[in-house]
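Below you'll find the structure, written out as structure tokens, and then a few comments.
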Amino acid sequence: MNNLELMEEYRKLFAEREDYSPFQFMGIRLPEGTKGLYVLVNVETGERVGEKVFEDHGSFKDEVAPVCAADKWGYIKTDGEYLISPAYRLIEKLPKRVVKLTDWDGRVDLYSFEKEEYLCRNVESVELFGDRDDMYIVRDGNYGVLMPDGKWLLDPYEEECKRIRVLSEELVCLSFVENLEEVQNIFSIGNILVSGSGFDFSFLEAFGVFSCYSQEKNQTEYFRLVGNEIESLFVEEGAQRLKMETPDVIFGTIQKWNGSSVCLSNAMFSVSKKTWLFRGMHEIEYHKKDGFEYFVIWNGCKKGVTDVSGNILIDIEASQLKYCLGYFLVAVDGKWGVYSLAEKRLILPLAETLHDVSNEEFLVYIFGKKKKGKIRSKMVYRYWVNGRFVTDYEYSEAWGYKKYGNVWFACVKRVDGKSGWIDTEGEFFETLPGEFDLK
């Protein structure tokens, strides 16, 4: 195949691509064992573009392509001339048609193809501003914040910013040194919202709430960002370990120093109501299961359940709580009942006849002891799934479950002595296909 035929094959191959460019790199045939080299050609005219030879290359996009010469990377234009001369060890594409260029000394340049100029040169490091693609954190002795248009939001050559912590897409904590003292500021896209020394800021997930611990006062204040304004929620003594799993509830451990030791307790605060819902609890846990979100709260040996806004669903008086498939099996003063998270009510009232509960993969079985005069009979089982009893039968024993096809079955023994299987609809089978008879 001659050069013209080869060019035609290249043209057909690349013309089918959405980012098609007639300018492509073709390999040069060299003696065996020699490192391959490439030249730039126009596959539509069959002509070589320029005299440069490359060791490696990328694809053309927006009329520029990365190339490597003498183990250094740069960018070439479609006319065969360099846009960025090869001088870099690494190149990294960033959003907004910006490229990060790292030289062999670890110094960084930032170049904008849109502006066709360098945004900054010979700095220590450049990173994206958190999850944003329109701001860069630049370090060169001090820290700065740079925009894609080349303007400094925070100029590291004019401000002595020693530390930057991105709290969210809208918030950043900047630390400065003034009179040998570190002063921290919370910025919202350039506007100072909170400022002071001896603070430790932290951000709670993505719900617009952050905390500010003052070492001097030994207290923590929690704020909420409303637009570009700061709203104070509450102030607590000591360094708090609170967190958020839902948009409305702040919860966790409150620690106070009583002079000789640290006193720990758990509390829950409602952001919307701006009030404490619970204080002095032993433990608070957030759960997300089967499409339901809820909190379990311990007060001593008693337990309760609230929704994601802290509203009580099950009073904090239960001695036992067992969760299964959107239901809570609740024990209060020796009585058992079933609470539905979907219906937010007790669908099986507390009763003394229920002795205990347990659960398996697809069903809940509740068992107690029947009374015959003064004599208690052996355990009897009733099966509960999806808010109803799956069968009218009562069972004296149950021992495990299995999946047959796409259906789950529980192995049971009825009070009339028959053994078999029940499915999730409560239908009883003495045998399953391919199984032995359990009678």
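General remarks:
- Residue check, residue 288 farther than 20 Å from residue 248 by Cβ, assigned by TED's automatic domain parsing to the domain that holds residue 252 and out of contact with any helix residue (DSSP H, G or I) (no Cβ under 8 Å at 6 or more places or on another chain): no
- Test: residue in the stretch 50-59 that is buried (at least 17 other Cβ atoms within 10 Å of the Cβ), closer than 23 Å to residue 147 by Cβ and modelled with pLDDT under 95: no
- Residue 273 fulfils the conditions (1) assigned to a strand (DSSP E or B); (2) at pLDDT 90 or above; (3) of a type in the set (D, E, K, R); (4) under 19 Å from residue 209 (Cβ atoms) except for a single criterion, (1).
- Any hit, the stretch 135-147, residues being part of a loop (DSSP other than H, G, I, E, B), modelled with pLDDT of 70 or more and out of contact with any strand residue (DSSP E or B) (no Cβ under 8 Å at 6 or more places or on another chain): yes
- Taking (1) in contact with a Ser or Thr (Cβ under 6 Å, 6 or more places away or on another chain); (2) assigned by TED's automatic domain parsing to the domain that holds residue 27; (3) surrounded by 14 or more Cβ atoms within 10 Å (Cβ to Cβ) in turn, residue 63 satisfies each apart from (3).
- Matching residues, the stretch 106-134, being among the basic types (Lys, Arg) and either out of contact with any Asp or Glu (no Cβ under 8 Å at 6 or more places or on another chain) or part of a strand (DSSP E or B) (or both): 121
The values are calculated or read from the model by the stated rules, or taken from the named source; none is laboratory data. Keep in mind that this is a model prediction, so the values were computed, not measured. All Cβ positions, glycine included, derive from the backbone under ideal geometry; neighbour counts span all protein chains shown.
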